[in-house]
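Here, each number is a calculation from the coordinates, and none is a lab measurement. What you see is a predicted model, and the numbers here were worked out from it, not measured in a lab. Counting neighbours? That spans all protein chains shown, and the Cβs are built from the backbone with ideal geometry, glycine included.
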Amino acid sequence: MGKFSAYKLPLKSLGVGAHNFEYHLDKQFFVDMESADVHDADLTVTLGVLYNGDFYNLDFHISGDVVLICDRCLDDLRYPIEADYHIVVKYGDDYNDDSDEVLEIPESDSTLNVAYMIYDTATLAIPMKHVHPLGKCNRQMSAMLKKHRAQAADDDAELENALIDEIDNIDADSDNSATNDPRWDALRKLSGDNNITSE
């Protein structure tokens, strides 16, 4: 956890009252977090801690830009981030993060590493779909995408028609084989009824 030691919050050494901390997130932070989506970043994180003697109110505010890859044209996409996160931290018998609003940590922990809280807050502000606004994508890549989409649509139509033809042929073959099935002939002889038809 050495690469995130800068994000250790010295809880036990904080006096009663308000305390402010600031962090800067760049590409290396997301590399260390093994994030595949964020290719660069310029984010400022401000953390306000209010300690009342019993518990700590942590208020995170993240603002700045991240660089993603556009899902449509594969060019860099600069995306602005503005996110807030609030959590209450208190000491208890053991580590307990069952609640989204309260985090309980063991009395033996003198610090709290907030790197993952910051990372989660930042990444949750990024949409699932990363695309440039309409008309801002790389024009060459957009043209190639349109061409391939049209080709794929033609290929899909051909495949669909071929499958329908194949299914029709299977149905026709099964109808013919059912009427000429020797097992039905044997049943007809046993019953003495030559008018039994197959289902």
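General remarks:
- Net charge over other residues, Cβ less than 14 angstrom from the Cβ of Val31 (K, R count +1; D, E count -1): -3
- Looking at the range 1-143 alone, DSSP beta bridges between its own residues are antiparallel in about 90 percent of cases.
- Pairs from the list Lys12/Lys90; Lys3/Lys129; Lys27/Lys90; Lys3/Lys90 with a Cα-Cα gap above 22 Å: Lys3/Lys129; Lys27/Lys90; Lys3/Lys90.
- Full extension of the chain between Ala186 and Asp65 gives 35.6 nm of extra length, using 0.36 nm per residue less the Cα-Cα distance.
- Ratio Rg/Rh [Cα only; Rh per Kirkwood] for the range 20-109: 1.10
- Whole-number percent relative contact order across the range 1-68, with pairs defined as alpha carbons under 8 Å at least 6 apart: 31 percent
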